[in-house]
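Participant: One structure, as C-alpha cells, below. Some questions next.
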Amino acid sequence: MPENLSEQITDTTPSAVTEATAAAPAAAPEDDGVDIRFTDLNLDGRVLAALTDVGYEKPSPIQAATIPALLEGRDVVGLAQTGTGKTAAFAIPALSKMAELADINGGPSKNTQVLVLAPTRELALQVAEAFTSYAKHMEGFTVLPVYGGSPYGPQLNGLRRGAQVVVGTPGRVIDHIEKGSLDLSNLEYVVLDEADEMLRMGFAEDVEKILSSTPDEKQVALFSATMPPAIRRIAKKYLNDPAEISVKGKTTTGTNTRQRYLQVMGPHKLDAMTRILEVEDYDGIIAFVRTKMATEDLADKLRSRGFSAAAINGDIPQQQRERTVEALRDGKIDILVATDVAARGLDVDRISLVVNYDIPHDTESYVHRIGRTGRAGRSGDAILFITPREKYLLRSIEKATRQPVEQMQLPSTAKINELRLNKFAEKITKTLATEDVSLFRDLIANYEREHDVPAAEIAAALAIMAQGGQPILVQDIPVAPAGQRERAEGRKDAFGSRGPTRTLTEGNATYRIAVGRRQRVMPGSIVGAIANEGGISSSQIGGIDIRADHSLVELPADLSKDQLRALSRTRIGGELIHLELDKGRKPSGNRGAGEFKKPFKKDFPKRDGDTRFSGDASRKPRHGKGAGAGAGRSNAQSEQW
Ligand code: ADP
Ligand code: MG
C-alpha cells in the first residue's frame, strides 16, 4: 500500500479544493491577471460610474475580450463558463452605445433598442437587474423584463410606455411580437444569453423566429457556456462574421468521465442496479447512498444477489474501513457502498464506475463522488439514479460539472435474459471442458435407467439445483409511461393518497422543523430527509404543513433517541432542521381539526411557478420542457437542494 490510507480517507484531494472554490459565489469572476481596467475600454462615463457603484474593479477575462469587439460593432460569440461575468460582457457595451446614441439624438430613443433573450424567468430577471444597475446613471432609460407565467398587464403597460432594453424569455417575447405590443423594427442589438440552455429547453424554433423578425442591420451577441452544433448553426445563420471569443476556465471534473443518468423510481433502484452490473463492463465500483444504514443495506442485498460488495460508512472503525478499501484495491471485492463522508478523497485506481444510487445533497458532493473514478489517466463512468421528481436537479449538475449528463436506458429484460442464457450455456461448456465429469455422468446414467426419465429432464432438475433457488430469467420492471410516471410518483411521494391530514393519526405526534417556505423546502425533500436520516419509512410520515419559516410534520410519537439525534442533525438544503416535538402539543391522538389545515397537495411544489427552477411557464404546453430546467446561477445557494 503506497500511502497511508487514513490520509486518503480524510484528506480532500487538491482537485477537491478547486472544486470547492469553483462552487463558491462569484464575488469577482476569475481573475486571470488581466491588467485592463474598465477605464481603458472607451466606455461611456455614465456606465463607468455605475460600474464603480457596483464595485467592479476590472473586467473579467471574457469582458476584457468581448467589450472592445462589441463596442466596435462586431457580432460576437462569447463562450465562457458560468460565473465568468457574461452578463456585463454584453450589457456594458450595449448600454455604453445606447448612451452615446442618446447624446447624438438629444435624448434616449422611445424604441426598443436592445433585446436580450434568456432561457428562464429567473435569468431574465437577473439580467434585467444587472442592466438596470449598469444603467443607473443613464437618464430616461428603462429596462423591462418580460417572461411567461405572469400577467400580461404590467408588461403591456411597460412596453407601451417604452423600454429601451427588453429582457425576455423566448415564448413571452413571441407572444408580445404577435400581439403587436413589442416592436422590434428599431432594434440595434440582440443578445442570446445562455444560448445552450435555451436550446436545451427547446426554444430553438422560437429563438430563430424572433431573430428572423428583427431588422437586418443590427448587432448580435451570442453567449453560452458550451458550443453544441445547434448553436454553431444558429451563429452561422444569424451572426455576421462574428468574433469568436472563448475563455477557458477551470472545469471541475475531468473530461474522461462519462456521465449518465437513469430515471428510476425508488423501489426499483436495486433491480436497476443489478441489471446495470450485469451489462456494464466494470472493474471496481463505488455506489453512493445517503445514509449509513443504507450502505449496509445495499451491500447486503448486492451480496445476496451474488455480487462481491462491502459497505463503508463513518460508523465503521477506521481500521476496518481501511481493510475494506484495501480489499477493493486488491480485487477481493468489486463494489464498495459508501456514504459521502466515508469515501471522501478515496483514491483507488481500479474504480471504473461510480453509481449515484441516491442523488447527493448538493452539486459539490456530486463532483466529489464522480471524482472517485477516471483517476490516474483512466477513463471512468458515472451513473446517476434519479427519480422523476429529482430530474430538475440535472441541470445544476450539468452546470457544476460543465458536462452533459446523458440519459441511459435500463438494460432491457430481453437483453439481460439473453446475457444470462449465454452465460449459462458458457458455464456448461466450460465445465465440460475443464472438469472430470465421469462420476456424475455415471450417476445420471443410473438415474436415467432406474427412473426412466430422459437425460434432458434430469439436467433441467440439476440446473434448478445449481441456480440455488434463484430464477434464471428476470422479470420486467414495471415502468409507467413517461408522462404518467412523474404524476404517479408525485402522488405517491406526496402521499396525496392519504389526503389532507386534519387530525393526527393515533400514535403520531406533531414535530416542528426549522425550515419552511423561506428556505424553499418542498414536501419531497422533507420526506426524503426524514426517511433517510431518521430511518423512518415514508409511510410513517403523515401530513406536512409548510409554514413561512418552519414546517410541521406528523411522525410516530415514539421516535427513538437515536432517531431524534439523527434527525436533529439532519439538513435540508444545507439548513439544520432542528427537529423537535412541536411545543404545546401532546404526542397523542386527538387534536383539533385544522392543524394541517392545508391539504397537502397544495404544498407540493408547483414547478411551473417555482421561481427557482421555472421555465417560461406560458410556453410550457408547447415545449413541455420549460419547467424544471435549471436556473442557471452558480451561486452556492442555488446549487444546493
Ligand atoms: P455568467 O453569466 O457568466 O454566469 P454573471 O454575469 O452572472 O456570470 O456574473 C457572475 C457574477 O460576477 C455576478 O455576481 C456579477 O455581478 C459579478 N461580476 C461580473 N463582472 C464583474 C467584474 N468585472 N468584477 C466583479 N464582479 C463581477
Ligand atoms: Mg449568464
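Participant: Looking at region 270-295 only, could you name the residues that are open to solvent by less than 30 Å² (accessible area, probe 1.4 Å), part of a helix (DSSP H, G or I) and farther than 15 Å from V474 by Cβ?
Facilitator: A294, T295
Participant: Here's a follow-up. Answer with yes or no whether G73 is touching a residue at least 24 places away in the same chain (Cβ under 8 Å), on the phi > 0 side of the Ramachandran plot, of a type outside the set (S, T, N, Q) and more than 16 Å from ligand 2 (Cβ to nearest atom). Full working, then the answer.
Facilitator: Values: touching a residue at least 24 places away in the same chain (Cβ under 8 Å): yes; on the phi > 0 side of the Ramachandran plot: yes; of a type outside the set (S, T, N, Q): yes; more than 16 Å from ligand 2 (Cβ to nearest atom): yes.
Considered against the rule, which asks whether it is touching a residue at least 24 places away in the same chain (Cβ under 8 Å), on the phi > 0 side of the Ramachandran plot, of a type outside the set (S, T, N, Q) and more than 16 Å from ligand 2 (Cβ to nearest atom), G73 comes out as yes.
Participant: So, in region 53-92, exactly how many residues are part of a helix (DSSP H, G or I) and either within 13 Å of ligand 1 (Cβ to nearest atom) or open to solvent by 10 Å² or more (accessible area, probe 1.4 Å) (or both)?
Facilitator: Step one: filter region 53-92 for residues part of a helix (DSSP H, G or I), giving 53-54, 61-71, 86-92.
Subset that is either within 13 Å of ligand 1 (Cβ to nearest atom) or open to solvent by 10 Å² or more (accessible area, probe 1.4 Å) (or both): 53-54, 61-69, 71, 86-92.
Total satisfying the criteria: 19.
Participant: Next up: Identify, please: which residue in region 448-486 is among the charged types (D, E, K, R), surrounded by 13 or more Cβ atoms within 10 Å (Cβ to Cβ) and over 19 Å from L270 (Cα atoms) and is, among those, modelled with the lowest pLDDT?
Facilitator: Narrowing region 448-486 to residues among the charged types (D, E, K, R): 448-450, 452, 457, 476, 485-486.
Add one more test, that the residue is surrounded by 13 or more Cβ atoms within 10 Å (Cβ to Cβ), and what stays is 448, 485-486.
If we keep only those that are over 19 Å from L270 (Cα atoms) as well, we get 448, 486.
Details: E448: 92, E486: 34.
Selected residue: E486.
Participant: Could you identify the single residue in D334, D330, D362 that is touching a Ser or Thr at 6+ places or on another chain (Cβ under 7 Å), more than 14 Å from E296 (Cα to Cα) and among the charged types (D, E, K, R)? Working first, answer last.
Facilitator: Numbers: D330 fails: touching a Ser or Thr at 6+ places or on another chain (Cβ under 7 Å); D362 fails: touching a Ser or Thr at 6+ places or on another chain (Cβ under 7 Å).
Only one candidate passes the filter, namely D334.
Participant: Just for region 53-70: of the residues that are within 15 Å of ligand 2 (Cβ to nearest atom) and β-branched (V, I, T), which one is modelled with the lowest pLDDT?
Facilitator: So, considering only residues that are within 15 Å of ligand 2 (Cβ to nearest atom) and β-branched (V, I, T), the one modelled with the lowest pLDDT is I62.
For every residue, the table says whether it meets (1) more than 26 Å from Q263 (Cβ to Cβ); (2) small (G, A, S).
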position: S304; (1), (2): no, yes
position: S308; (1), (2): yes, yes
position: G314; (1), (2): yes, yes
position: P317; (1), (2): yes, no
position: V337; (1), (2): no, no
position: I351; (1), (2): no, no
position: V355; (1), (2): no, no
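Participant: I'm trying to understand the selection: among the residues of region 18-52, which are more than 10 Å from ligand 1 (Cβ to nearest atom), in contact with a Ser or Thr (Cβ under 6 Å, 6 or more places away or on another chain) and at pLDDT below 95?
Facilitator: Scanning region 18-52 gives E19, A22.
Participant: Also, I was wondering about something else. If L394 meets every condition in (1) closer than 30 Å to V521 by Cβ; (2) aliphatic (A, V, I, L, M); (3) in contact with a strand residue (DSSP E or B) (Cβ under 6 Å, 6 or more places away or on another chain) apart from one, which number is that one?
Facilitator: L394 satisfies every listed condition except (3).
Participant: Right, another one. Could we say that V190 is over 24 Å from G45 (Cβ atoms), out of contact with any helix residue (DSSP H, G or I) (no Cβ under 6 Å at 6 or more places or on another chain) and more than 15 Å from ligand 1 (Cβ to nearest atom) here? If you could, list the steps in order and put the result at the bottom.
Facilitator: Values: over 24 Å from G45 (Cβ atoms): yes; out of contact with any helix residue (DSSP H, G or I) (no Cβ under 6 Å at 6 or more places or on another chain): yes; more than 15 Å from ligand 1 (Cβ to nearest atom): yes.
The answer is yes for V190.
Participant: Suppose the filter is touching a residue at least 12 places away in the same chain (Cβ under 8 Å), open to solvent by 90 Å² or more (accessible area, probe 1.4 Å), within 30 Å of Q259 (Cβ to Cβ) and in contact with a Leu (Cβ under 9 Å, 6 or more places away or on another chain); does Q409 pass it?
Facilitator: Numbers: touching a residue at least 12 places away in the same chain (Cβ under 8 Å): yes; open to solvent by 90 Å² or more (accessible area, probe 1.4 Å): yes; within 30 Å of Q259 (Cβ to Cβ): yes; in contact with a Leu (Cβ under 9 Å, 6 or more places away or on another chain): yes.
Criteria met by Q409.
Participant: Identify all residues within region 98-113 that are closer than 20 Å to S185 by Cβ, touching a helix residue (DSSP H, G or I) at 6+ places or on another chain (Cβ under 6 Å) and not in a loop (DSSP other than H, G, I, E, B); write none if there are none.
Facilitator: none
Participant: Could you list, in sequence order, all residues of region 368-392 that are within 12 Å of the chain's Cα centre (by Cα), of a type in the set (A, V, I, L, M) and buried (at least 23 other Cβ atoms within 10 Å of the Cβ)?
Facilitator: Hit for region 368-392 is L384, nothing else.
Participant: Something else: Scan region 517-575 for residues that are out of contact with any strand residue (DSSP E or B) (no Cβ under 7 Å at 6 or more places or on another chain), open to solvent by less than 10 Å² (accessible area, probe 1.4 Å) and assigned to a loop (DSSP other than H, G, I, E, B) and jot them down.
Facilitator: T570
Participant: A further question follows. Return the residues of region 214-233 that are surrounded by fewer than 16 Cβ atoms within 10 Å (Cβ to Cβ) and over 34 Å from the mean Cα position of the chain (by Cα); say none if nothing qualifies.
Facilitator: Within region 214-233, P215, D216, E217 qualify.
Participant: Return only the number of the condition from (1) within 14 Å of ligand 2 (Cβ to nearest atom); (2) closer than 13 Å to E188 by Cα that L95 does not satisfy.
Facilitator: Of the numbered conditions (1) within 14 Å of ligand 2 (Cβ to nearest atom); (2) closer than 13 Å to E188 by Cα, the odd one out for L95 is (1).
Participant: Is it true that D349 is more than 22 Å from M201 (Cα to Cα) and either surrounded by fewer than 19 Cβ atoms within 10 Å (Cβ to Cβ) or without any contact (Cβ under 8 Å) to a residue 40 or more places away in the chain (or both)?
Facilitator: yes
The values are calculated or read from the model by the stated rules, or taken from the named source; none is laboratory data. Just so you know, these numbers come straight off a predicted model, no measurement behind them. A quick note on method: Cβ atoms are made from the backbone with ideal geometry, for glycine too, and the neighbour counts reach across all protein chains shown. Only protein heavy atoms, including side chains, enter the accessible area calculation; ligands, DNA and RNA are left aside. Shrake-Rupley method; radii C 1.70, N 1.55, O 1.52, S 1.80 Å.
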